[in-house]
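The structure under discussion appears below in the form of structure tokens.
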Amino acid sequence: MAKGITRERIVAAALELLNDRGMDALTVRALASRLDVAAPALYWHVRNKQELLDEMSTFVMRRVTDALSGIPPGASWRDDVAAYARVLRSEYLLYRDGARLFSGTRISDPDVVKAKEPWLARLTAAGFALDAADDALDLVTAFVVGFVIEEQERHPLTDTDPNRYSLTERDAWLGDGAELVKAAGHLRDDGDRRFERQLDVVLDGLAAGLR
């Protein structure tokens, strides 16, 4: 075992590598090079790339649970779930490909999983059945993951090709017709306002189910 190499140090270096080069460049070989060790030394701590991704995702979710623990109960379940969604998005955006990192991973810290308990309690106290409460948190999480993946995929492409999403060029490419499609494109906004608007749609659906 290489001296000074710990699971915590490996995860920290992996997150740095993720921020520098993105998910596709995150390999055990690249990580070993960054840590200046031979690749087999890492397998004492993480058996494969999937286990590494699990640990990285767990690190991010610890940050999420820490941030959520400081939020007092809101005036309603809707306020609480909206706060949950905003924290989740904020933490994912801290890391390049942060939302992609979360997708398909398994949390390795039971305390992080247990942190879901008070949120289920808040929702069931508000009238949700337990399965509906669990579905609500899963649905909101899936919305945030999808929204942030789209945000994070667009930004690097815009940096390297500023005209990639040019509406003028898109309108010309579409040609005649599709006037509503063109108009909708010009109305589209990104970032916080779009996130809040779409989050409201999700919450409206949960509220309708509760009624």
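The values are calculated or read from the model by the stated rules, or taken from the named source; none is laboratory data. From a predicted model like this one, the values you see are computed outputs, not experimental measurements. Heads up, the Cβs are rebuilt from the backbone with ideal geometry, glycines too, and the neighbour counts pull from every protein chain shown. Only protein heavy atoms, including side chains, enter the accessible area calculation; ligands, DNA and RNA are left aside. Shrake-Rupley method; radii C 1.70, N 1.55, O 1.52, S 1.80 Å.
At 1.4 Å probe radius, can you tell me the per residue accessible area of the chain in Å²?
Working: 12150 Å² over 211 residues.
Solvent-accessible surface per residue comes out at 58 Å².
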- prompt: Which loop trypsin sites (Lys or Arg not before Pro) in the stretch 37-106, with loop taken from DSSP, have no more than 12 other Cβ atoms within 10 angstrom of their Cβ?
  reply: R47, R106
- prompt: With the radius of gyration and the Kirkwood radius both derived from the Cα set of the stretch 62-153, what is their ratio Rg to Rh?
  reply: 0.95
statement: With +1 on the Cβ of every Lys and Arg and -1 on the Cβ of every Asp and Glu, the dipole magnitude of the chain about its Cα centre, in debye rounded to the nearest 20, is 600
message: Bins of 5 Å, beginning at zero and ending with the bin holding the largest distance: percent of Cα pairs per bin for the stretch 115-211, please.
response: 2, 11, 15, 15, 15, 13, 9, 7, 7, 5, 1
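Compactness ratio of the chain: Cα Rg over 2.2 N^0.38 Å, N = residue count? Provide the component values of the computation, followed by the final result.
Values: Rg = 20.6 Å, N = 211, 2.2 N^0.38 = 16.8 Å.
My calculation over the Cα atoms of the chain gives 1.22.
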field: Of the DSSP H helices in the chain, those whose Cα atoms cover at least 18 Å axially and whose Kyte score averages -1.0 or more
entry: 7-21, 49-69, 77-92, 130-160, 192-210
Fluctuation leader among L167, L17, L94 - the chain, Gaussian network, Cα springs under 10 angstrom: L167
statement: Summing +1 per Lys or Arg and -1 per Asp or Glu among the other residues with Cβ less than 14 Å from F128's Cβ gives -1
- request: Sort the stretch 1-84 into rounded, prolate or oblate with this rule: let a ≥ b ≥ c be the square roots of the eigenvalues of the Cα gyration tensor; rounded if a/c is under 1.5, and if a/c is not under 1.5, prolate when a/b is larger than b/c, oblate otherwise.
  value: prolate
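If you roll a 1.4 Å probe over the stretch 80-211 with all protein chains in place, what percent of the accessible area is carbon or sulfur? Before the final figure, lay out the partial values.
Numbers: 4290 of 7800 Å².
With neighbouring chains kept in place, the figure for the stretch 80-211 is 55 percent.
When the Kirkwood hydrodynamic radius is evaluated over all pairs of different C-alpha atoms of the stretch 88-142, what value in angstrom, to one decimal, is obtained?
Working: mean 1/r = 0.0794 Å⁻¹.
Final number for the Kirkwood radius of the stretch 88-142 is 12.6 Å.
Roughly how big is the stretch 30-97's charge dipole about its Cα centre, with Cβ charges of +1 (Lys, Arg) and -1 (Asp, Glu), in debye to the nearest 20? Walk me through the numbers before you get to the answer.
Details: 9 positive and 9 negative charges, 27 e Å.
Here the stretch 30-97 has a charge dipole of around 120 debye.
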message: Based on the alpha-carbon set only, what is the convex hull volume of the stretch 53-113 divided per residue, in Å³?
response: 81
